Amino acid sequence: MNKKENKLLNLERTILHSDVNNFFASVECADKEELKNKPVAVTGNPEKRNGIILAKNEIAKKQSVKTGEAIWQAKQKCPDLVCLPPHYDLYEKISLKLHELYLDYTDFVEPLGLDECWLDVTNSLNYLQKTGKEIADEIRERVKEEFNITVSVGVSFSKIFAKLGSDMKKPDATTVISKENFKQMTYNLPLNSIVGIGNRLERRFENMNVVTIGDFVNLSQDIICPIMGKSGIELQEKLSGKLIEEVPCYFNLSPPKSIGNGTTTVIDITKRSETIKVVAFLCEKIAIRMIKRKFEARTITVTIKTTDFQKYRHSKTVMPMQSYEKIFDNAMELLDSFWNYDKKIRAIRVRVSSLTNTDTYKQLSMFEDDKIKLTESLEQIKSKYGKDKIFIASDGFSFINRKTEQEEQSHK
């Protein structure tokens with residue numbers, strides 16, 4: 001590392017955390033004039049067994065509608081609640097367009113899920129002739145103007161405090177947490193304000209009378225380590241301002257750990273022939289996303305949930321796969337190895353992992369390239385004419401709950 005690079009790393013960082021307010025619901029409302037000033041929630045379909053609130057807009061939130069509660073419970077509090085099905089492809093499309101906007105300010109952009117991003121604008125301050133707060137305010141205005149949705153932005157010297165800042169004022173606000181005031185602004189916040197402190201850990205620390213961020217920072221590492229291990233020590237160092245994580249370059253981000261699709265079926269299924277149709281549908285979706293992102297996978301996982309809510313999950317390592325045919329063949333071979341179709345199935349999930357990028361290399365195959373081109377062509381037809389116009393001949397479409405189908409992309 002040369003002296004110039006070392007000097008840049010030693011600069012006090014200016015890091016933003018941009019968080020879209022009520023992302024799913026906001027996207028649904030953005031261009032629908034008929035939803036203006038109405039309480040709106042993105043939900044599963046009660047007739048198809050996923051009747052819960054997935055997301056809600058600010059109006060619904062003010063009427064105490066909560067994510068995760070049943071639709072009927074939400075409607076008791078908010079009788080006029082408008083319930084809409086999720087459109088995950090649309091959310092992903094908007095997410096990527098937001099990334100493009102953020103890249104106008106810096107190459108150091110790190111997504112966290114679909115609706116959040118960190119931006120390290122340290123090296124952009126001089127040439128933009130703006131402060132971190134001014135950049136955050138400009139981003140908020142651009143997002144409103146270009147997407148008709150809002151973001152809350154935290155500005156700080158580290159990722160963890162930038163994220164805490166974006167959570168402090170919602171919706172549509174900028175919050176600055178500096179090195180001079182971070183203790184006063186955050187140490188009295190509840191411990192569960194921090195990502196990574198879930199209900200179990202919160203209860204355990206609460207039993208020790210550790211209820212705020214400040215209480216946690218002041219704990220002895222001998223107490224933290226047996227409870228949380230090395231990650232707990234790192235968390236304490238981040239919250240004390242001693243450990244500053246870097247925001248990686250957007251164009252050098254490592255691939256996600258896994259890509260998967262799952263669904264709760266419209267009807268309970270027991271026959272292998274019916275299961276094949278659902279697995280085929282899910283594998284087609286995974287293949288399209290992998291080809292689009294130029295990924296191959298070496299591990300496949302299939303999860304089955306029965307009507308009595310028992311879960312069965314198995315994985316195996318295979319040769320690199322990218323096409324629909326290879327993913328489907330491996331998924332069914334794995335499923336047949338542990339499932340004898342003697343119980344009713346209510347949900348199926350297929351996931352691929354051990355991902356590598358095919359931009360740097362490509363295993364040559366006489367037939368694989370044609371299969372990938374076929375998958376790409378199918379996706380082009382669906383994008384232009386609609387997703388229900390063409391699909392795999394297995395007819396998995398008839399078993400899929402289109403309104404509650406779930407996609408996952410994990411970076412954990």
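The values are calculated or read from the model by the stated rules, or taken from the named source; none is laboratory data. Since the model is a prediction, treat every value here as computed from it, not as a measurement. Counting neighbours? That spans all protein chains shown, and the Cβs are built from the backbone with ideal geometry, glycine included.
Which residues, taken from region 230-243, are within 23 Å of the chain's Cα centre (by Cα) and either assigned to a loop (DSSP other than H, G, I, E, B) or hydrophobic (A, V, I, L, M, F, W, C) (or both)? Across region 230-243, the qualifying residue is only 235. If only residues of region 37-74 that are assigned to a helix (DSSP H, G or I) and surrounded by fewer than 17 Cβ atoms within 10 Å (Cβ to Cβ) are counted, the one that is modelled with the lowest pLDDT is 46. Regarding residue 95, is this residue small (Gly, Ala, Ser), in a helix (DSSP H, G or I) and under 22 Å from residue 161 (Cα atoms)? No; evaluated as a whole, the condition is false for this residue.
A single member of 224, 197 is in a helix (DSSP H, G or I), modelled with pLDDT under 95 and buried (at least 16 other Cβ atoms within 10 Å of the Cβ), and it is 224. Within the set 155, 211, the sole residue that is of a type in the set (Val, Ile, Thr), touching a Gly at 6+ places or on another chain (Cβ under 8 Å) and either buried (at least 17 other Cβ atoms within 10 Å of the Cβ) or not assigned by TED's automatic domain parsing to the domain that holds residue 32 (or both) turns out to be 155.
Within region 250-278, the set of residues being surrounded by fewer than 22 Cβ atoms within 10 Å (Cβ to Cβ), assigned to a helix (DSSP H, G or I) and under 24 Å from the mean Cα position of the chain (by Cα) comprises 250, 251, 252.
Determine whether residue 289 is in a helix (DSSP H, G or I) and either surrounded by fewer than 19 Cβ atoms within 10 Å (Cβ to Cβ) or touching a residue at least 60 places away in the same chain (Cβ under 8 Å) (or both). So residue 289 fits the description; yes.
I'd like to check something: does region 221-231 contain any residue that is over 30 Å from residue 305 (Cα atoms), touching a Gly at 6+ places or on another chain (Cβ under 9 Å) and among the small types (Gly, Ala, Ser)? Yes, that holds for at least one residue. Assessment of region 310-319 against the conditions (within 30 Å of residue 93 (Cα to Cα) and modelled with pLDDT under 95) yields no matching residue. Number of residues in region 144-163 that are within 23 Å of residue 62 (Cβ to Cβ), in contact with a helix residue (DSSP H, G or I) (Cβ under 7 Å, 6 or more places away or on another chain) and part of a helix (DSSP H, G or I) equals 1.
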